[in-house]
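As structure tokens, the structure follows; a few thoughts come after it.
The values are calculated or read from the model by the stated rules, or taken from the named source; none is laboratory data. Since this is a predicted model, take the numbers as computed values, not measurements. Ideal geometry is used to build each Cβ from the backbone, glycine not excepted, and the neighbour counts take in all protein chains shown.
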Amino acid sequence: MNEIALVMREVVKRFGAATALDRFTLDVRSGELLALVGPSGSGKSTALHTIVGLHDPDAGEITLHGNGLVGVAPGARDVAMVWQDGALYPHLTVHDNLAFPLKARGKWGEKAVTHMAERLDLLDLLDRLPGELSGGERQRTALGRALIRKPKLFLLDEPLSSLDLPLRERLRTLIRELVRETSVTTVYVTHDQAEAMAVGDRVAVIRAGRVVQAATPREIYEKPVHEFVARFFGNPPMNLLDGCIEDGHVVGEWGRLAIDGGENGRTVRVGFRPEHAAITGEPTGLAATLRRVEYQGHETIAMLLARDAELRLRLPDGEALPNIGDDANLRIDRGNLHLFSADGARL
Amino acid sequence: MRRSRNRFPSKYLLPLLALTALVWALPLLMALALSFSDASPGAPGHWVGLQNFVRALGDIRFIHAFFTGVLFAVGAVAFNVGAGLGLALVFRRHEKPRALAQVMLLLPWVLSELAVALIWRDVLAQNGGLVNALLGRFGIGPLPWQTHAWLAMGSLWLATLWQGLAFSTMLQMAGLASLPHHLVHAAKLDGADRPLIFRAVVWPHLRRVLAANALLVFLLSLVTFSLPFALTGGGPLFATELPALYAYRSAFAGNFELGYAAAQGMLVLVFYAVLTALFLRLRRRTA
């Protein structure tokens, strides 16, 4: 395992009465691409701003390769950032935008600019002003400007949010390649769970100013440590049912699901992914009425009701379905069930 | 539907157009007519062709007044726009003094120019004036504000700065407010120091506002009348006789030559038109 590059320990940042970062703790390994994901207002951008030094934290510690960052001037932190809209200097050409960080540090070399422009396919655009570029070209220039001086830490704040979907996927790939080539430690902020899964070596999920879970995308998806994480990843999201443990089953008005052990009488929430339920002929503990079917080509999304509980199933195309309005028996392997306590923590 | 309803939008504008014609176009046309005549108060005068214009262009006092006006206006632009930019930058960084300072700056702005002139005549009085009294404590002066040509011009600059600073500061603050914050952040991260951030980010953004600010101050200053009239009386000799003051004197003092005064005004107007056209063309090209 790589050494830890960036450490954020118990970082607190308040704006007036609002707490944006609430003992925010996160380790980022050297050379990895960490996706920091959470709903809007969860503190993602504030976390980035404390790293680059646009805000000073009220408490806590931030170190990069062992050196404290709090109180260090932004320009002296050796950190680069890409903003959602690129934040290119509007009066400078692509060439001068790329050269700016080198010139500002008195380390200007034409070779570096040409090399970066070549890598990012910007050679034909060097004389253009940002206003004359497409959204994708602007972001490529912003990537180049950030990476040209080989920073120790590379931050991206929703870099693809203002681009359309195909372009987003292409740039996502480019960012992954660039990070691998330069092996720069990277924190990538996004509100899009699918983007976080696709881009991150690891994913850190932030909620209300705290990291809930930081793990590989697979671990996040298969073993969410909190109901919030379980809900946040996957589309359609995980099905969750309230119930009570009784003799190795979770029992609710919607039916019963067999689990491994568990403390009798405990109130829990049981969850399963839409792709983990199968429709079967034999009766099971969970029967639900088919309400709606969405055909999506390679798969079918079925919406069912088990009493009041709404369930979504993802079924391979060609799977035999009952008629709308008829009941279906659902079978879910107990290995695919997720149990959460009343306060949301994984059991 | 919509088309037919808006078929004659101009008719709704007619009252306003009529008013504009009455208070703006009519006097302008009358002045234009006047400039081709030898009219004086009470006497309509006769058509004299271009005589007034030819005379003005050969009148050393008019040429002098015009260039004195340009000098005054250029100085006013330099001081007002420069100080306005400086204050706007200070207010951007320091929030607290802003409210109080804005009120204090706005007060002189709402005063009439004549009142400003009278205040500064007292403040700059050679004997017993506030400024000379202060300078006297440091063993300087007393400075002859009324009788030294450059000091008299300086007193005009001071008064116009005092009055106009609020306007320039507000314009620059509006310009600064529209500067995207993350551009400055990006420049900081890129390692730019403050002068470089100003040069590469703030200045290019403010350029257009500064240019508009400069043009407005220039145009307003060149035709200033009350300030030289009441503060310096155009003196010493003709050192601060700006074009408006000379035109006024041509019309209402001495020979009461309304036609000649009108012709002077028209010449300044032509200069304005050329200057504004040049400015707009330059602006379009840099946009």
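Among the helices (runs of 4 or more DSSP H) lying completely within the stretch A:153-225, list those that include at least 2 residues that are under 22 Å from A:A80 (Cα atoms) and among the aliphatic types (A, V, I, L, M). Working first, answer last.
Working: elements: A:165-182, A:193-199, A:217-222.
Counting at least 2 such residues, we get A:165-182, A:193-199.
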> Taking the stretch A:117-142 as the search range and keeping residues that are in contact (Cβ under 8 Å) with a residue 24 or more places away in the chain and within 14 Å of chain B (Cβ to nearest Cβ), which one is surrounded by the fewest Cβ atoms within 10 Å (Cβ to Cβ)?
Replying inline: A:G131
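Does A:L102 satisfy being surrounded by fewer than 21 Cβ atoms within 10 Å (Cβ to Cβ), assigned to a helix (DSSP H, G or I) and away from every other protein chain (no Cβ under 14 Å)?
Working: surrounded by fewer than 21 Cβ atoms within 10 Å (Cβ to Cβ): yes; assigned to a helix (DSSP H, G or I): yes; away from every other protein chain (no Cβ under 14 Å): no.
It is false that A:L102 is surrounded by fewer than 21 Cβ atoms within 10 Å (Cβ to Cβ), assigned to a helix (DSSP H, G or I) and away from every other protein chain (no Cβ under 14 Å).
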> Of everything in the stretch B:135-190 that's among the charged types (D, E, K, R) and within 14 Å of chain A (Cβ to nearest Cβ), which residue is surrounded by the fewest Cβ atoms within 10 Å (Cβ to Cβ)?
Replying inline: B:K188
> Residue check, B:A125 against (1) surrounded by 15 or more Cβ atoms within 10 Å (Cβ to Cβ); (2) more than 14 Å from every other protein chain (Cβ to nearest Cβ); (3) assigned to a helix (DSSP H, G or I), all met but one. Which one?
Replying inline: (3)
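Let's see how each residue does on (1) under 23 Å from A:V212 (Cβ atoms); (2) of a type in the set (D, E, K, R); (3) not in a strand (DSSP E or B):
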{"site": "A:P236", "(1), (2), (3)": "yes, no, yes"}
{"site": "A:C244", "(1), (2), (3)": "no, no, no"}
{"site": "A:R256", "(1), (2), (3)": "no, yes, no"}
{"site": "A:G261", "(1), (2), (3)": "no, no, yes"}
{"site": "A:V268", "(1), (2), (3)": "yes, no, no"}
> Within the group B:R121, B:R208, B:R199, B:R194, which residue is of a type in the set (K, R) and over 30 Å from A:W108 (Cβ atoms)?
Replying inline: B:R121
> Quick one: in the stretch A:67-95, which of the residues that are over 18 Å from A:L155 (Cβ atoms) and within 9 Å of chain B (Cβ to nearest Cβ) is surrounded by the most Cβ atoms within 10 Å (Cβ to Cβ)?
Replying inline: A:Y89
>> When you check A:G255 against the structure, is it of a type outside the set (S, T, N, Q), crowded, with 21+ Cβ neighbours inside 10 Å and either in contact (Cβ under 8 Å) with a residue 60 or more places away in the chain or in the same structural domain as A:R331 (by TED's automatic domain parsing) (or both), yes or no?
In response: no
>> Given the criterion out of contact with any Leu (no Cβ under 9 Å at 6 or more places or on another chain) and closer than 20 Å to A:N235 by Cα, identify the matching residue among A:H276, A:H298, A:H338.
In response: A:H298
>> For the list (1) within 19 Å of A:E253 (Cβ to Cβ); (2) not in a strand (DSSP E or B), I need the number of the one condition that A:E275 fails.
In response: (1)
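Report yes if A:E219 is modelled with pLDDT under 95, surrounded by fewer than 19 Cβ atoms within 10 Å (Cβ to Cβ) and farther than 29 Å from A:S134 by Cβ, otherwise no.
yes
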> If B:T240 satisfies every condition in (1) surrounded by 19 or more Cβ atoms within 10 Å (Cβ to Cβ); (2) in a helix (DSSP H, G or I); (3) not aromatic (F, W, Y) but one, which is the exception?
Replying inline: (2)
>> Of everything in the stretch B:248-265, what is charged (D, E, K, R) and either buried (at least 21 other Cβ atoms within 10 Å of the Cβ) or over 22 Å from the mean Cα position of the chain (by Cα) (or both)? Give them in sequence order.
In response: B:E257
>> Residues to consider are A:S45, A:S30; find the one that is within 25 Å of B:K188 (Cβ to Cβ), in the same structural domain as A:V212 (by TED's automatic domain parsing) and at pLDDT 90 or above.
In response: A:S30
>> Among the numbered criteria (1) more than 10 Å from chain B (Cβ to nearest Cβ); (2) within 27 Å of the chain's Cα centre (by Cα); (3) in a loop (DSSP other than H, G, I, E, B), which one does A:W108 miss?
In response: (2)
>> Restricting to the stretch B:191-204, count the residues that are surrounded by fewer than 18 Cβ atoms within 10 Å (Cβ to Cβ) and in a helix (DSSP H, G or I).
In response: 7
> Restricting attention to the stretch A:185-194, which residues are crowded, with 20+ Cβ neighbours inside 10 Å and touching a helix residue (DSSP H, G or I) at 6+ places or on another chain (Cβ under 8 Å)?
Replying inline: A:T186, A:V187, A:Y188, A:V189, A:T190, A:Q193
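Could you name every one of the helices (runs of 4 or more DSSP H) located completely within the stretch B:1-42 that has at least 3 residues being within 22 Å of B:G265 (Cβ to Cβ) and at pLDDT 80 or above? Even if it seems obvious, please write down each step before you answer.
Values: elements: B:2-5, B:9-20, B:26-35.
Here the list reads B:26-35.
Assess whether B:L269 counts as being surrounded by fewer than 21 Cβ atoms within 10 Å (Cβ to Cβ) and closer than 15 Å to B:F218 by Cα.
Working: surrounded by fewer than 21 Cβ atoms within 10 Å (Cβ to Cβ): yes; closer than 15 Å to B:F218 by Cα: yes.
Spelling it out, B:L269 is indeed surrounded by fewer than 21 Cβ atoms within 10 Å (Cβ to Cβ) and closer than 15 Å to B:F218 by Cα.
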>> As an exercise: evaluate B:R61 against (1) basic (K, R); (2) within 21 Å of B:L219 (Cα to Cα); (3) in contact with a Leu (Cβ under 7 Å, 6 or more places away or on another chain) and give the number of the one condition it does not meet.
In response: (3)
